[in-house]
Amino acid sequence: MTELTLGRVSADRARLLRLLQEYGVYLGVLVLLLVNIAFTPHFLSGENFRTQAVQVAPVLVVALGMALAIGTEGVDLSVGSVMALSTSLISLYLGYGVWIALLAALLGGIVVGLANGSLVAFVGVQPIVATLALMVAGRGLALVMLPQLKQVNDPDMAALGSGDLLGVPYLVLIAAGLALLVAFVVRRTTFGRQLLAIGDSRPAAQLAGLPVRRVLILVYVLCGALAAFAGVLATARLTASDPTSLGTLMELSAITAVVVGGTPLSGGRVRIGGTVAGAVLIQLLTATLIKHDLPPSWTQIAQAVVIVLAVYAARERGKR
Amino acid sequence: MLSVSGLSKTFPSVRALDGVEFTARAGEVHALVGENGAGKSTLIKLLTGVHRPDPGGTLTYDGREVSFATPLDAQQAGISTIYQEVNLVPLMSVARNLFLGREPRGRLGLIDFRRMHREAERALAELGVRVDVRRPLRELGVGAQQMVALARAVAVDARVVLMDEPTSSLEPREVATLFGVIRMLRERGIAVIYVSHRMDELYAICDTVTVLRDGKVVHTGPLAGLDRLRLVSLMLGRDMDTVQDEGLTKFTGEHDAGREPVLRAEELTARHRLSEVSLDIRPGEVLGLGGLLGSGRSETAKALAGALPVDSGRVTVAGTRVRGGSTPAAIRAGISLLPEDRKAEGIVPGLSVRENIALAALPGLSRFGLVDEARIDRIVDTFVKRLRIKASSAHQKVGELSGGNQQKVLLARWLAMNPKVLLLDEPTRGIDVGAKAEVQKLIDELAADGLGVLLISSDMEELIEGSDRVVVLKDGAVVEELTGDQVTEDRLMRAIAAPAGESRD
Amino acid sequence: MKSTAFRRRTSARALLATGLLTGLVLASGCAKSEDEGDGDKKSSAQEGGEAAASSDTSGGETCTIDAYGGKKLDLKNATVGFSQSEKEANPFRIAETASIKAEAKKRGVKLLTANAQSQFSKQISDVQDLIAKGADLLVIAPLNSDGWEPVLRSAAARHIPIVTVDRKINAEPCKDYVSFIGSDFVEQGRRAADRMIEATGGKGTVAILLGAAGNNVTTERTKGFEERLKEKAPGLKVVFKQTGEFAREKGQQVTEQLIQSKPGIDGIYAENDEMGLGAVNALKGAGKKAGAVKIVTVDGTRNAVQGIVDGWISGVIESNPRFGPLAFTTLDSFAQGGKVSQEIVIKDSAYTEDNAKSDVDKAY
């Protein structure tokens, strides 16, 4: 009798745990929203939501690419440096017009992605090592191109950074659009399915004749391009190119958003909705702590706690 | 020296060992043989303290009943193990590796390097190995590394030495050295337990043999008087006197094979694995690949499917050469492989039945990179019905299905590609009896439809009854081809048992 | 195991990837930035506030060549070595190096320079090289405070006077080195507070954008600011203290949160110009008018001073990088046997509405 009850309790617990893993991130967002509505002055205002959405936009764009990389059981540590590279390239090429500058920035991200992908797919370097190399080299390169912060006075860039359409900032529209696009790619394209299969079981994917190398390279190229684009968005918002500090620790924020959002580090699964919620969760957490003027060290500790929780959840999920 | 009695080991789902009796005597080389899943590795792990036996079994060592809690316990008691893969520290010097964990210490507790190097040189010289003991281990060849592992095993005053397929990556010359060392150990009164599949080696070096099958000891006794054929039949569990006329399997037997081969492999060679393997597969025929474990059957299938890069040799499908070392190229040419390790290399466990079936055919089921869901649904539907795949829905994860249904999903994945040749590596292993019969029937039907099939099976009955012809492999080379009336268990076992060099008569 | 053909293809692709990266580096060669062509006005800024540099020798211990050891010499016939810590990439370093070079040129002194590119080991060997090349006196902008023993030993052996600028080294003054010339960061904080009190009228609430955590500049600039507020304007309260990591983007993000949760904030003290400019961005984005929130920053870069001209910033306290005149004056009087202070504080100027327009070209 006791054993029976125990068995049921643990089964219930397991189900609860699984539900938390699946939907915990949404619950977290909800709780933070309620806490802030109750305790933070002036929280419930359009302006405030706009601020949070605008601040989270570049992080989310990076996290989308990161979700793809993690889906293949990889990771891309070079995203922050790609943002720096992108911001340098924008400043350097703005003289040719905003479109050329945008193209240059994206190309920069694509090239880094190609290098990352080739190292991972052809040379067989561990993703964490391959992208670490470019994480270090990328920012160095960015600083060679543009050694110091530089004002960006282009009106189009300024409009991109602070303009809106029917009250919704461009940055937010773009990030949302990209999230939908990436979700579509993951769900509906051959590439998306192959990516998941490779992440779930690379030997099986290989023996099934999947173009494993091509898919891996494309994943890192997309990740690089998205990070570069996030660099463009951040530059537009700042109206300055700041390769020294733009995107520092971005890889951690992005990985946290993805993992908190329920994408397992063991690959084979990509949750875009969860990634969006994960990015929002971190943003709200930071905002809450700042708004209540808690000591800056608390912010770091809180973020660490979230990461630990996320990794714990991922580990549970990994056990499956 | 070391003996076990009534030893059993049960894992959550299987009884790996069942009342095993086994004795290794001092000054004797004892061969431990058996096919995959016979329980050899479990027995080794019990002897070396990796696993604990079920209650009831006793382990006697040096006249006393013992129980080893950890591998270290066993090691300290004097039981040394040499694994297939050398498990030493590649970056440390040869001498450090030899004395790892028991380095000679000087007065201050520091390592006395001079003494260590001197002793290391002496220990290796005794085994006939002359190397600079100061060099890192990884600079040595695999054979020499194996010798260092052996020297280490001997140096710790071992009284029992366990060798698990020690020759699998050795050159013939190195094998000779190894045998010399084993003879020396025997003379010193050490008990050697030797695990190998290589018939010739067993007869060259071993005194006694114990044959395991399905977790039980089916034979134990001196090797000298034991006929090779008898040994093979013991391992495979087939009695050579009672070869059945009518099979229990679902195979019908003969197919009307086309004359021109659909697949032709010429002299496939891969170092240490395959040497000049040539074979033909005709459309509408099932070609069996016979041989013991480790004879190169799976390697041949993988080489054909582009999953194992070959050093030389060529594969042609319908007269066109297939680029080697590329799975996609082989698949495009019409070669599909159902791999031996279904769980690790076949299914994608986290994806649904539907996605698994559509996986290989995906590019063909897409337009501009967008998946055509309706077409996938039609194909999945067709195959789920035709192969009678039992799943709660097409969206169930494949990892949750039974082995037989997983295998059917894999078959469906390949049939959706319309292949010309199907390579089946152990298609019925680990699946229940009912599903086994279904899969066998399916293979038969596929061949009848004109597909060329290559069948690998450790189940002798399945192989003999399912195949129209059988190519027999041994040590990575073709030793015999059985056709027509020759396809019998008796002939197959004779071919496997024949000593090296005498196989073709 | 892989066939050679395959391996060749792999390395070819790896090579391609490398080539692409190289291309990316070269691509910066044909870049064309927004404001190409007006970059040659900079020189005036660098020669700017020479006059601003003057020493504050009151109090503190002094040092003479007799106490330090060595022979008197005439600076005109001597060689001075200058070791810069970081690449001249940010305005501060550019101005610092330019000031040293300009002063050497003015005095007709032979100057050897080296740049450690932010690598401490390189700085050590740089200084040893300078000594080997015949430097009689040294000016060092140290990257680290610790780890100077080997250099100090070889300098002491030849009795080479050393002056360190902008950062102290952990060693004994007047024994291992002559003196240290730098800014007083606490004083900068106090002066920022004075400016803030003036701008806000001494009443209301202010926020502080802190620099990077664990940095002595952050602690000292905060300390001076808070002490002076308490002392002079108890009606002005610090209600918000968050780090902006000395970066513009972080300054902007934190200020955005701030002005939503505390819309009535009267002033923002940013511990460097970049965070202050980030705060300006945030205020602009929130639709605030210039001057609605008083911003005071520290450093004195041209962009911030321009911010005063545009009405967004109320005051900029300078952290003076122009060590040239002071460093050479000190070395000169020391070499001729004079008494010099072991710790010399460089005079930092300040920019307000009154002088910003006229002095914006002096800013670095």
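The table below gives the values:
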quantity: Anisotropy class of chain A from Cα gyration tensor, a/c 1.5 cut; calculated: oblate
quantity: Rounded, prolate or oblate (a/c below 1.5 giving rounded, otherwise prolate when a/b exceeds b/c) for chain B by Cα gyration tensor; calculated: prolate
quantity: Residues A:Phe122, A:Phe49 arranged by fewest to most Cβ contacts within 10 Å; calculated: A:Phe49, A:Phe122
quantity: For B:Val310, residues with placed amide H under 5 Å, excluding near neighbours; calculated: B:Gly325
quantity: Average partner coverage of B:108-115, which counts Cβ from other chains inside 10 Å; calculated: 0
quantity: The range A:39-53 and the range B:39-100: distance between their alpha carbon centers, rounded to Å; calculated: 65
quantity: Under 5 Å, built H, 5+ apart or other chain: amide partners of B:Leu423; calculated: B:Ser336, B:Leu337, B:Leu338, B:Leu454
quantity: HN-Hα J in Hz across the range C:169-186 - Karplus 6.51, -1.76, 1.60, θ = phi - 60°, x for Gly and Pro; calculated: 10, 7, 7, 8, x, 6, 10, 8, 8, 7, 8, 10, 10, x, 8, 9, 5, 5
quantity: Estimated [θ] at 222 nm from DSSP helical runs (n ≥ 4, -39500 (n - 2.57)) normalised by residues in chain B, nearest 500; calculated: -9500 deg cm²/dmol
quantity: Acute angle (nearest 10 degrees) that the helix B:433-448 long axis makes with the longest principal axis of chain B, alpha-carbon atoms; calculated: 60
quantity: FRET efficiency estimate (nearest 0.05) - Cβ-Cβ, B:Asp311 to B:Thr382, R0 45 angstrom; calculated: 0.65
quantity: Whether the range C:185-318 is rounded, prolate or oblate, judged on the alpha carbon gyration tensor where a/c under 1.5 counts as rounded; calculated: rounded
quantity: Long-range HN-HN contacts of B:Glu481 with modeled amide H, under 5 Å; calculated: B:Val472
quantity: Label-point separation, B:Glu266 to C:Glu88 (7 Å along Cα→Cβ), nm; calculated: 7.1
quantity: Approximate spin-label separation C:Lys72-C:His159, in nm, with each point projected 7 Å along Cα-to-Cβ; calculated: 1.3
quantity: Rounded to whole Hz, the Karplus (6.51, -1.76, 1.60) HN-Hα couplings of the range C:330-339, x for glycine and proline; calculated: 4, 4, 4, 5, 5, 5, 8, x, x, 8
quantity: Inter-label distance for C:Lys284 and B:Ser392, nm, one decimal - labels placed 7 Å from Cα along Cα-to-Cβ; calculated: 5.8
quantity: Ranked B:Ile431, A:Ile70, C:Ile208, criterion: other C-beta atoms within 10 Å, fewest first; calculated: B:Ile431, C:Ile208, A:Ile70
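Bear in mind these aren't lab numbers, they're just calculated from the coordinates by the rules spelled out. As the structure is a prediction and not an experimental result, all values here were calculated from the model. Because the Cβ atoms are built from the backbone with ideal geometry, glycine has one as well, and the counts that use them run over all protein chains shown.
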